[in-house]
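Computed from the coordinates by the stated procedures, all read-outs in this text should not be read as laboratory data. Given the structure is predicted, the values throughout are model-derived calculations rather than measurements. Note: ideal-geometry Cβ built from the backbone for every residue, glycine included; neighbour counts use all protein chains shown.
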Amino acid sequence: MSDRPVIPLKPVSGKPSPEALAQLDRHWRLHYLMLAPHRLGFFLAMVLLIASGAWWALVQVARVSDGGVSVHLALSPSLLHAAVMVFGFFPLFFSGFLFTAGPKWLGVEPWGTERLRPALLLQAGGWLVWLLGGMVLSVLSLLGAAVAWLGLVWMVALFWRLVLRSRAEDQIHARTIGAGLIAGCLALAGIVASLVPGDQHLARACAITGLWVFVLVVYVAVAHRMIPFFTSSAMPFIRVWRPFWLLWLMLGAAVFEAAAVWVELDGPPRGQVGTVWLLVRGLLELGVGAVLLWLAGVWGLVQSLKNRLLAMLHIGFLWLGLSFVLSGTTQLLWLAFDKPLLGLGALHALTMGCLGSLMLAMVTRVSCGHSGRALVADRIAWSLFWVLQAATVVRIVGAVPTQWSGWWVLAAALLWTGVVLVWGVRLGAWYGRLRADGRPG
């Protein structure tokens with residue numbers, strides 16, 4: 001017999017009766033992950049998030065231990081890290097949003113979790129093999145990346161089928177996301193193709209390209225649509241303001257940064273051309289960063305601080321502007337001193353500060369709402385968010401080349417791993433249980 005609980009009929013109000021709530025199964029069960037698309041996608045993302053964080057922390061321990069701890073690596077650790085951070089957990093988190101909110105945007109029937117399960121399992125399994133192969137045998141990593149690519153293509157095809165079925169008038173955000181997903185498939189294919197002849201340098205360039213034209217494109221499309229909406233819903237005195245020129249600006253900046261990856265594939269251009277390039281890139285990034293910082297204020301950054309969950313979204317978006325300002329400053333300092341004084345600081349302001357903060361905020365919001373809990377950032381979520389902010393600052397400090405850089409990077413990795421471990425275990429416990437309010441989903 002099935003161990004699913006039998007819940008009495010709901011009253012006319014739609015709220016389960018006290019008797020129904022009392023009979024709810026409170027245990028964590030694997031098959032409850034199939035009750036809604038976000039449950040399976042988010043759970044698998046949490047597994048990858050914790051595994052990749054713990055692996056990277058171990059690599060950093062080995063780097064500073066002077067031989068005290070040894071980790072065998074079959075591929076470049078920076079490549080292994082970059083690929084799994086861009087293509088590992090992010091697409092799985094995306095699946096939870098795209099196949100829950102996406103059908104509502106598009107006015108179409110959603111897919112059942114069974115249709116999504118193969119695509120999600122291929123991605124999660126592929127990236128776990130990627131990490132394992134990176135410590136054992138490089139051909140395993142190649143196989144894992146290829147399997148993950150199949151899963152990503154499968155997921156993207158399912159999303160585009162929703163888009164093509166839609167008759168909704170406003171499809172700009174959904175189609176922008178769809179274009180970013182296609183770019184992600186191409187970038188991941190580039191990693192696989194580069195690793196066949198063993199070109200790890202090219203593979204890493206493909207991974208960073210994916211960060212800009214895949215992950216960031218999806219993020220800015222969702223942010224442009226949802227941050228003003230969430231803000232106005234919580235604070236009606238702030239009107240929804242999201243002109244499309246802002247979306248085009250953010251998308252253009254993402255494409256420019258992806259192009260810069262290839263212009264600087266072997267380092268910035270030399271001579272007068274290099275001087276002009278660093279100057280132009282630096283000024284453009286400072287300009288974009290200034291606009292984004294202004295936009296953060298216009299969208300209600302200061303007002304949002306009264307609402308923790310909303311503040312997490314706004315502070316995450318603030319990091320996007322800060323990352324461009326930091327990158328522009330990096331280019332101008334490079335021009336002045338002929339060396340990268342701020343290193344990868346801007347990149348981690350983007351990845352940990354912006355993408356990490358928005359991930360924590362959005363996933364927490366969706367998980368609370370779809371588990372029958374209040375839409376609030378409680379003490380645990382709020383504390384984890386601020387530890388993540390500290391980790392971001394520590395990692396930016398570690399990007400400055402000094403004798404202590406390795407220790408700063410290790411500290412940042414340990415803080416990141418601690419945050420995702422606590423967060424992942426906590427929310428993962430929700431996904432395998434029935435909703436606290438007794439409703440379906």
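Mean separation of Cα pairs under 8 Å and 6 or more residues apart, divided by the residue count, gives the chain a relative contact order of 18 percent. Helix 37-64 axis versus longest C-alpha principal axis of the chain: approximately 30°, rounded to the nearest ten. Of all the options S138, S52, S232, the one that moves most in a Gaussian network model of the chain with Cα springs shorter than 10 angstrom is S232. Compute the acute angle (0 to 90°) between the alpha-carbon long axis of helix 113-136 and the principal axis of greatest extent of the alpha-carbon atoms of the chain; round to the nearest 10°. Once rounded, the angle reads 40 degrees.
A Gaussian network model of the chain, with springs between Cα atoms under 10 Å, assigns the largest mean-square fluctuation among R161, R281, R395 to R161.
Toward the positive end of the charge dipole of segment 355-441, with +1 on the Cβ of Lys and Arg and -1 on the Cβ of Asp and Glu, the farthest Cα among L434, G406, V363 is that of L434. Taking a ≥ b ≥ c as the square roots of the Cα gyration tensor eigenvalues, the chain comes out prolate, since a/c reaches at least 1.5 and a/b is larger than b/c. Placing unit charges on each Cβ (+1 for Lys and Arg, -1 for Asp and Glu) gives the chain a dipole about its Cα centre, and among A101, V387, W212 the Cα reaching farthest toward its positive end belongs to A101.
Under 10 Å, Cα contacts only: if you run a Gaussian network model on the chain, which one of L333, L251, L313 comes out with the highest mean-square fluctuation? Sorting by GNM fluctuation, first place goes to L333. Fully extending the segment from D266 to R426 would add 53.3 nm, taking 0.36 nm per residue of separation and subtracting the current Cα-Cα distance. Summing Cβ point charges (Lys, Arg +1; Asp, Glu -1) relative to the Cα centre of segment 216-323 gives a dipole of roughly 480 debye.
Between V273, H201, G184, the Cα set farthest toward the positive side of the dipole of segment 179-298 (charges on each charged residue's Cβ, about the Cα centre) is that of G184.
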